[in-house]
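Here the structure is laid out as structure tokens; the discussion comes afterwards.
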Amino acid sequence: MTDSKNHNSLSRFHIAPVFMFRWEESQQSYVLMYPEGIVKLNQTAGEILNRCDGTNTVDDIILQLSELFSEQSEFIEPRVHQFLEVCHDKGWIQPQS
Amino acid sequence: MTKAGSNLSLDGQGNPVWLLLELTYKCPLKCAFCSNPTDLDAYGNELNTAEWKKVIHEARSMGAMQIGFSGGEPTLHKDLEELVAEANDLGYYTNLITSGIGLTRKRLENLKAAGLRHIQLGFQSDHRETAHWLAGVDCYDKKISIAREIKSLGFPMVLNVPISSINIHQVPGIIELATEIGVEYLELANVQYYNWALVNRNQLMPTREALEKAELQVAEARARLGDRITIFFVIPDYYEDRPKACMNGWGSIHLTIAPDGVALPCSQARAIPGLDFPSVRDHDLRWIWHESDSFNIYRGDSWMKEPCRSCSEKEIDFGGCRCQAMLLTGDAANADPACSKSPHHHIIQQAVAKALQTEQDHKHLIARDVGWVSTEVWHNDLDTN
Ligand code: SF4
Ligand code: SF4
């Protein structure tokens with residue numbers, strides 16, 4: 001599952017402007033904030049979103065996460081794709097044009 | 001103070017997450033289902049800007065992440081921009097909860113520059129006349145034009161429309177208007193009966209048929225509009241068998257500071273007599289949050305009576321609303337009477353019956369239901385290792 005319906009391995013994403021994404025010290029995690037709401041992200045979700053800065057491609061993210069978590073990229077790849085798909089569906093990220 | 005779509009799993013780890021500042025009770029609208037206290041004149045002595053800043057700093061150092069500027073009408077506060085800038089610099093996500101009446105293009109630009117993230121605009125109806133009845137003043141054109149200015153400056157926007165018998169039949173038109181303006185979220189929240197709304201309950205309560213019809217219209221619009229707009233539709237707890245959950249529970253994530261500096265676990269809490277709510281003028285925020293009796297009294301579940309105490313759902317709804325329990329049963333520690341397990345549930349049933357027998361006509365009504373925050377924790381399966 002390399003290609004998903006909304007992106008492929010060369011897609012780049014940025015955080016949608018409604019959202020504010022940052023590290024929150026008091027929660028020891030990345031958080032995504034939006035009108036009257038907060039999503040606290042677990043470590044991998046946070047690390048993936050932190051790389052959605054409009055410059056990293058999906059492949060870059062997979063590579064960086066494989067290194068970060070010392071995992072095979074074959075293990076990481078489908079999960080990154082899947083998570084980005086969910087993020088896109090939820091409107092958290094947008095493709096960089 | 002509850003909304004649809006809530007996903008209550010992030011906790012503040014014992015600290016407030018959501019700080020709501022009611023900068024003033026003053027408001028240019030004459031809103032008869034306003035959620036502000038009915039004895040407004042009793043609270044004259046408003047905090048000054050330096051005092052507000054101190055609150056903003058203290059709450060942030062405790063872990064608060066979302067801040068709402070509310071009222072009354074917060075734009076009547078001359079230093080609103082300064083307070084927004086301060087909050088933004090500290091890392092808060094800043095929300096403005098406004099009627100839009102005090103706003104101008106210039107003011108919006110200044111707020112944007114100060115770092116304001118989001119605006120929630122109170123709205124009554126897509127009909128000029130109904131809007132006038134509900135807000136007590138003729139503000140329809142002003143609201144529409146300010147809504148367009150807000151969008152043109154790129155703010156995400158929630159249109160908050162309190163729903164009652166008076167405008168429930170206008171739901172389709174309201175959805176069309178919101179979509180046309182381009183708002184991201186439309187909140188059609190049935191009026192909750194506290195304060196001004198309780199006074200006017202007989203006039204406001206929609207029929208079950210009207211609710212069901214509106215629900216269908218919302219479902220149809222959701223299917224048709226897809227992700228262009230997110231529509232929340234909150235039915236009144238009077239028509240449900242279970243109460244609305246009280247956020248994450250009393251004193252769990254939410255902190256309201258009233259205009260006079262009194263700290264409250266929720267904006268409605270002044271409805272509960274006998275609780276001595278401390279002021280930020282007399283105590284530091286940490287002490288108020290962690291030590292004061294009024295924040296501890298309904299924290300957790302040890303205060304609960306039956307049927308809540310042994311109920312399997314108590315972690316879902318936290319026994320419902322303390323304020324509603326107080327207002328309708330006389331004891332805030334009772335189960336919320338909206339619950340069908342409550343021995344006081346007949347009070348709700350009678351209220352519905354009574355309201356539906358009352359001849360309803362338009363009165364001056366408006367509700368502002370603010371201070372709720374949706375929280376969730378995202379789990380990704382990579383973390384299972
Ligand atoms: S006590 Fe009632 S009004 Fe207050 S936050 Fe809980 S549910 Fe809302
Ligand atoms: S009995 Fe109490 S805890 Fe159980 S569902 Fe009713 S209000 Fe909620």
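The values are calculated or read from the model by the stated rules, or taken from the named source; none is laboratory data. These numbers were taken from a predicted model, which means no experiment stands behind them. With ideal geometry, Cβ positions are generated from the backbone for all residues, glycine too; neighbour counts draw on all protein chains shown.
What do you reckon, is A:VAL80 within 12 Å of chain B (Cβ to nearest Cβ) and surrounded by 17 or more Cβ atoms within 10 Å (Cβ to Cβ)?
Against the criterion (within 12 Å of chain B (Cβ to nearest Cβ) and surrounded by 17 or more Cβ atoms within 10 Å (Cβ to Cβ)), A:VAL80 qualifies.
Let me confirm something: among B:SER310, B:SER342, B:SER302, B:SER279, which residue is hydroxyl-bearing (Ser, Thr, Tyr) and touching a residue at least 24 places away in the same chain (Cβ under 8 Å)?
So the residue among B:SER310, B:SER342, B:SER302, B:SER279 that is hydroxyl-bearing (Ser, Thr, Tyr) and touching a residue at least 24 places away in the same chain (Cβ under 8 Å) is B:SER342.
Select, from B:SER252, B:SER342, the only residue that is part of a loop (DSSP other than H, G, I, E, B), within 14 Å of another protein chain (Cβ to nearest Cβ) and within 16 Å of ligand 1 (Cβ to nearest atom).
B:SER252
For region B:294-321, how many residues are under 22 Å from B:ARG60 (Cα atoms) and in a helix (DSSP H, G or I)?
Total meeting the criteria: 3.
Conditions tested, residue by residue: (1) more than 16 Å from ligand 2 (Cβ to nearest atom); (2) farther than 30 Å from B:LEU47 by Cα; (3) touching a residue at least 24 places away in the same chain (Cβ under 8 Å).
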site	(1), (2), (3)
B:LEU211	yes, yes, yes
B:GLU215	yes, yes, no
B:ILE231	yes, yes, yes
B:ASP237	no, yes, yes
B:GLU240	no, yes, yes
B:LYS244	no, yes, yes
B:ASN248	no, no, yes
B:SER252	no, no, yes
B:ALA258	yes, no, yes
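Tell me the residue from B:GLN324, B:GLN350 that is more than 16 Å from ligand 2 (Cβ to nearest atom) and part of a helix (DSSP H, G or I), please.
B:GLN350
Could you check region B:108-193 for strands (runs of 3 or more DSSP E) lying wholly inside it with 3 or more residues that are over 17 Å from B:ILE229 (Cβ atoms)?
Output list is empty.
Residue check, B:SER267 against (1) polar (S, T, N, Q); (2) away from ligand 2 (no atom under 16 Å from the Cβ); (3) modelled with pLDDT of 90 or more, all met but one. Which one?
The one condition B:SER267 does not meet is (3).
What is the number of the single condition among (1) within 14 Å of another protein chain (Cβ to nearest Cβ); (2) in contact with a strand residue (DSSP E or B) (Cβ under 8 Å, 6 or more places away or on another chain); (3) farther than 19 Å from B:ASP260 by Cβ that B:GLY100 does not meet?
(1)
If the requirement is being within 14 Å of chain A (Cβ to nearest Cβ), modelled with pLDDT of 90 or more and either surrounded by fewer than 22 Cβ atoms within 10 Å (Cβ to Cβ) or within 16 Å of ligand 1 (Cβ to nearest atom) (or both), which of these qualifies: B:GLU176, B:GLU187?
Unique residue meeting the criteria: B:GLU187.
Give region B:303-318 a look and list any residue that's out of contact with any Lys or Arg (no Cβ under 8 Å at 6 or more places or on another chain) and more than 20 Å from B:PRO16 (Cα to Cα), or say none.
Matches in region B:303-318: B:TRP303, B:LYS305, B:GLU306, B:ARG309, B:SER310, B:SER312, B:LYS314.
Please determine, by comparing only the residues of region B:254-300 that are more than 16 Å from B:ASN15 (Cα to Cα) and among the basic types (Lys, Arg), which one is farthest from the chain's Cα centre (by Cα).
So, considering only residues that are more than 16 Å from B:ASN15 (Cα to Cα) and among the basic types (Lys, Arg), the one farthest from the chain's Cα centre (by Cα) is B:ARG281.
Search region A:15-26 for residues that are within 8 Å of another protein chain (Cβ to nearest Cβ) and pair each with any residue that is exposed (fewer than 15 other Cβ atoms within 10 Å of the Cβ) when their beta-carbon atoms are under 8 Å apart and the residues are at least 6 apart or on different chains.
These pairs meet every condition: A:PRO17/B:GLY154; A:VAL18/A:GLY91; A:SER26/B:GLN13.
Could you list, in sequence order, the residues of region B:327-339 that are more than 7 Å from ligand 2 (Cβ to nearest atom) and either surrounded by 22 or more Cβ atoms within 10 Å (Cβ to Cβ) or within 14 Å of chain A (Cβ to nearest Cβ) (or both)?
B:ALA332, B:ASN334, B:PRO337, B:ALA338, listed by residue number.
So which residues in region B:217-229 are free of Cβ contacts under 8 Å to residues at least 40 places away in the same chain and either surrounded by 15 or more Cβ atoms within 10 Å (Cβ to Cβ) or β-branched (Val, Ile, Thr) (or both)?
B:ARG222
Exactly one condition in (1) closer than 20 Å to B:PRO337 by Cα; (2) in contact (Cβ under 8 Å) with a residue 60 or more places away in the chain is false for B:PRO273; which is it?
All conditions pass for B:PRO273, except number (2).
Being touching a residue at least 24 places away in the same chain (Cβ under 8 Å) and aromatic (Phe, Trp, Tyr) is the filter here; which residues of region B:114-166 pass it?
Across region B:114-166, the qualifying residues are B:PHE123, B:TRP133, B:PHE155.
Looking at region A:42-58 only, could you name the residues that are within 14 Å of another protein chain (Cβ to nearest Cβ) and of a type in the set (Val, Ile, Thr)?
If the condition is that a residue be within 14 Å of another protein chain (Cβ to nearest Cβ) and of a type in the set (Val, Ile, Thr), then A:THR44, A:ILE48 are the ones that fit.
Of the residues B:LEU121, B:LEU103, B:LEU134, B:LEU153, only one is of a type outside the set (Val, Ile, Thr), more than 30 Å from A:GLU25 (Cα to Cα) and more than 22 Å from the chain's Cα centre (by Cα); which?
Sole residue among the options that is of a type outside the set (Val, Ile, Thr), more than 30 Å from A:GLU25 (Cα to Cα) and more than 22 Å from the chain's Cα centre (by Cα): B:LEU153.
Among (1) of a type in the set (Asp, Glu); (2) surrounded by fewer than 14 Cβ atoms within 10 Å (Cβ to Cβ); (3) at pLDDT 90 or above, which single condition is B:ASP276 missing?
Status for B:ASP276: all satisfied but (3).
Suppose we filter B:ASP369, B:ASP331, B:ASP336 for residues that are within 12 Å of ligand 1 (Cβ to nearest atom) and at pLDDT 85 or above; which single one remains?
Result: B:ASP336 is the single residue among B:ASP369, B:ASP331, B:ASP336 that is within 12 Å of ligand 1 (Cβ to nearest atom) and at pLDDT 85 or above.
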